[in-house]
Amino acid sequence: MDNHTLWLLRLGYSAKQAKSIEKTGLKKFLEQSFATKVDSKIPDFLEDSPKSS
């Protein structure tokens, strides 16, 4: 197995992510990981729940 892949597996990344990291670089991979949009909409099942003031 490739040393690069082994180190990334030790750090907790999957083999699929290791290929992506090797291709794009760690910095770019992490930037893309953290560039997700956060949805702040309240889920439907919590719409009618009591609100604290």
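Brief remarks follow.
- Residue match in the stretch 12-33 (condition: in a helix (DSSP H, G or I), free of Cβ contacts under 8 Å to residues at least 40 places away in the same chain and over 18 Å from the mean Cα position of the chain (by Cα)): no
- Looking across the stretch 1-41, the residues that are surrounded by 10 or more Cβ atoms within 10 Å (Cβ to Cβ) and of a type in the set (A, V, I, L, M, F, W, C) come down to Leu6, Trp7, Leu8, Leu9, Leu11, Ala15, Ala18, Ile21, Leu26, Phe29, Leu30.
Throughout, read-outs are computed from the coordinates displayed, never taken from laboratory work. Keep in mind that what you see is a predicted model, and the values were worked out from it rather than measured. As a convention, Cβ positions derive from the backbone with ideal geometry for all residues, glycine included, and neighbour counts pool all protein chains shown.
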